[in-house]
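K.L.:
I have a structure I would like to understand better, so I am pasting it below and will then ask my questions one at a time.
Nothing in this text is a laboratory measurement; each read-out follows from the coordinates by a stated rule. All figures in this text were calculated on a predicted structure; none of them were measured in a lab. When we count neighbours, we look across all protein chains shown, and the Cβ atoms used for this are built from the backbone with ideal geometry, even at glycine.
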Amino acid sequence: MDIRVQEAAFDAGAELNAFSTGHDAAGAIVSFSGIVRDREGGLSHMEIEHYPGMTEKALTAIAAEASARWSLADVLVIHRHGSLRVGDQIMMVATAARHRGDAFAAAEYLMDYLKSRAPFWKKEVTADGAEWVAQRDEDEAALGKW
Amino acid sequence: MDVMYFAWVRERIGLPRERIDTQAATVMDLVTELRAREERYAVAFEDISALRVALDQELSEFDAPLAGVREVAFFPPMTGG
């Protein structure tokens, strides 16, 4: 399990290649990348705040729970904080498993929990000012399916 | 204990963390104490249904006891991913 919380940019392609290379026996690799998008136009940048210490613990607990629920060879989670621009990679998750069903399900579970249970807060900054992104009801509801 | 504030809670109160000496038995008792301090706290804690709380870096509830807790954090619902 590799959990990284960092301010620095990362190369999702290189990370995925490195992750895949280490798991020749896994057979199935699923990855998801989250990118900063300009939801309503005019986004200058996004600021991501987090809770150092709790963030790493929460991500590790979520990844451990995924590993307990599905048969996984490995899990990778990278999540950035700080100032990000439109098009920047915010985060990625990757799962390695013997079978694709486990890899897909675990990746979706990681994303659902990471959105609402890892202590990150996004703030969108535009020319008109800054606004904290509100949690969407769908994101909280998504946890119900697990 | 150390009390921490994140995102708009931090902005409304005007500081990221502070040390508070309190006899509050539960999180809700602490919230009541903080609300009585100053207007900025009253505003930040006006609607606790819009807030989440973590005790020693684990998500918790407002009726949870504070005995033995060293770090309390208040913040809005999380928006990771």
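K.L.:
Placing unit charges on C-beta atoms (Lys and Arg positive, Asp and Glu negative, everything else neutral), compute the dipole magnitude of the stretch A:44-94 about its Cα centre in debye, rounded to 20.
P.N.:
That gives a dipole near 60 debye.
K.L.:
In chain B, if every C-alpha pair distance is counted and binned at 10 Å from zero, what percent goes to each bin?
P.N.:
Bins of 10 Å from zero give 18, 60, 21, 1 percent of pairs.
K.L.:
Kindly provide the trypsin sites (Lys or Arg not before Pro) of the stretch A:54-89 that DSSP labels as loop, not H, G, I, E or B, and whose Cβ sees at most 13 other Cβ atoms within 10 Å.
P.N.:
The qualifying sites are A:Arg85.
K.L.:
Right, here's the next one. So if I place +1 on the C-beta of Lys and Arg and -1 on the C-beta of Asp and Glu, and nothing else carries charge, what would the dipole magnitude of the stretch A:2-134 be about its Cα centre? I want it in debye, nearest 20.
P.N.:
Rounded to the nearest 20 debye, it is 280 debye.
K.L.:
What does the structure give for B:7-14 when I average, per residue, the other chain Cβ atoms found within 10 Å of the residue Cβ?
P.N.:
3
K.L.:
Which value, in debye to the nearest 20, gives the size of the charge dipole of the protein assembly as shown about its Cα centre, when Lys and Arg are +1 and Asp and Glu are -1 at the Cβ?
P.N.:
340 debye
K.L.:
For the modelled label position 7 Å from the Cα of A:Asp88 along Cα-to-Cβ, which residues of the stretch A:7-25 have backbone nitrogen atoms closer than 20 Å?
P.N.:
Under cut-off, by backbone N: A:7-16.
K.L.:
Okay, moving on. Within chain A, what's the longest stretch lacking GluC sites (Glu not before Pro) that sit in DSSP loops with no more than 13 other Cβ atoms inside 10 Å?
P.N.:
A:41-146
K.L.:
Work from the charge dipole of the protein assembly as shown (Cβ charges, +1 for Lys and Arg, -1 for Asp and Glu, about the Cα centre) and give the residue of A:Gly87, A:Phe120, B:Tyr41 farthest towards its positive end.
P.N.:
The listed residue farthest towards the positive side: A:Gly87.
K.L.:
Mind running the shape call on the stretch A:6-146? Use the C-alpha gyration tensor, a ≥ b ≥ c as the square roots of the eigenvalues: rounded below 1.5 for a/c, prolate if a/b tops b/c, oblate otherwise.
P.N.:
Prolate is the answer for the stretch A:6-146, as a/c is 1.5 or above and a/b outweighs b/c.
K.L.:
Going through chain B, which trypsin sites (Lys or Arg not before Pro) have at most 13 other Cβ atoms within 10 Å and a DSSP loop state?
P.N.:
In loop regions of chain B (DSSP not H, G, I, E or B), the sparsely surrounded trypsin sites (Lys or Arg not before Pro) are B:Arg70.
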